[in-house]
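*Asks:* Mind having a look at this structure? Questions to follow.
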């Protein structure tokens, strides 16, 4: 039996509806599953849906760019160039842990086509790796203020060739430059994916107009 990642669980509308939708949302480097917990009530999700949000906590590991300091991280970042040299083996390890969470939701009765994979910053790089290579059709992929770390290593699966992809980025992001979000958008569009892209005048964060847009997108892909 798999040892699941610890996670924060928030359920939308559990009193009125059976929980038959899920969003697995990965935090950024050095953060925790609590980071996006307060966002759920602000999304404006439809009362016609019962949605379980799973915010997993990344394991603690040394991070090279931070002097080897141990912190919550989905993988080690080896250098802070635009190319973002990363530990791809650790990305695959974290991706398997997220796939295990998907399997658990399926076992709970949530169909894979009703599961969204989302991630912010470092978590978004893992979200790309998981969703585009997953062998069953998912509801959507949401990539926030992130970059495509493993575009050459993903085994792109035809089941998710037409998955809705939402990419959002801050134009003043000093941590993950907006050009990396634009590059991911162009790369996926060139491969034929259905990509929706938005930028906001913000830094490495989320903002209220963006949260409202995310809620509208979730209402659309989870309906």
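The values are calculated or read from the model by the stated rules, or taken from the named source; none is laboratory data. Please read these numbers as outputs of a predicted model, since none were measured by experiment. Don't worry about glycine lacking a Cβ; one is built from the backbone with ideal geometry, like all the others, and counts go over all protein chains shown.
*Asks:* When the range 68-88 is examined, which residues are found to be modelled with pLDDT of 95 or more and more than 18 Å from the chain's Cα centre (by Cα)?
*Replies:* Going through the range 68-88, the residues modelled with pLDDT of 95 or more turn out to be 68-76.
Listed by number, the residues that qualify are 68, 69, 70, 71.
*Asks:* Looking only at the range 111-128, decide whether some residue is surrounded by 17 or more Cβ atoms within 10 Å (Cβ to Cβ), at pLDDT 95 or above, touching a helix residue (DSSP H, G or I) at 6+ places or on another chain (Cβ under 8 Å) and in a loop (DSSP other than H, G, I, E, B).
*Replies:* No, the range 111-128 contains no residue that is surrounded by 17 or more Cβ atoms within 10 Å (Cβ to Cβ), at pLDDT 95 or above, touching a helix residue (DSSP H, G or I) at 6+ places or on another chain (Cβ under 8 Å) and in a loop (DSSP other than H, G, I, E, B).
*Asks:* On to the next question. Answer yes if at least one residue in the range 144-160 is touching a helix residue (DSSP H, G or I) at 6+ places or on another chain (Cβ under 7 Å), modelled with pLDDT of 95 or more and part of a strand (DSSP E or B), and no otherwise.
*Replies:* yes
*Asks:* Looking only at the range 163-179, which residues are under 20 Å from residue 84 (Cβ atoms) and surrounded by 20 or more Cβ atoms within 10 Å (Cβ to Cβ)? Explain how you work it out, then say what you get.
*Replies:* Pass one, the range 163-179, residues under 20 Å from residue 84 (Cβ atoms): 165, 167-179.
165, 167, 168, 169, 170, 173, 176, listed by residue number.
*Asks:* If you don't mind, there's one more thing I want to ask. Going through the range 36-45 one residue at a time, which ones are assigned to a loop (DSSP other than H, G, I, E, B) and either out of contact with any helix residue (DSSP H, G or I) (no Cβ under 6 Å at 6 or more places or on another chain) or buried (at least 19 other Cβ atoms within 10 Å of the Cβ) (or both)?
*Replies:* Hits for the range 36-45 are 36, 43, 45.
*Asks:* Residue 21: at pLDDT 95 or above and either surrounded by fewer than 19 Cβ atoms within 10 Å (Cβ to Cβ) or in contact with a strand residue (DSSP E or B) (Cβ under 7 Å, 6 or more places away or on another chain) (or both), yes or no?
*Replies:* yes
*Asks:* Another question about this same structure. Please work out which one of (1) farther than 20 Å from residue 205 by Cβ; (2) buried (at least 19 other Cβ atoms within 10 Å of the Cβ) is the condition residue 33 fails and give its number.
*Replies:* Going through the list (1) farther than 20 Å from residue 205 by Cβ; (2) buried (at least 19 other Cβ atoms within 10 Å of the Cβ), residue 33 breaks only (1).
*Asks:* For the range 67-95, name all the residues that are closer than 19 Å to residue 181 by Cβ, surrounded by fewer than 17 Cβ atoms within 10 Å (Cβ to Cβ) and out of contact with any strand residue (DSSP E or B) (no Cβ under 9 Å at 6 or more places or on another chain).
*Replies:* Listed by number, the residues that qualify are 80, 81, 82, 83.
*Asks:* Which one is farthest from residue 25 (Cα to Cα) among residues in the range 178-222 that are touching a strand residue (DSSP E or B) at 6+ places or on another chain (Cβ under 9 Å) and in a loop (DSSP other than H, G, I, E, B)?
*Replies:* 201
*Asks:* Please state which one of 169, 198, 129 is within 17 Å of the chain's Cα centre (by Cα), closer than 18 Å to residue 91 by Cβ and without any contact (Cβ under 8 Å) to a residue 60 or more places away in the chain.
*Replies:* 129
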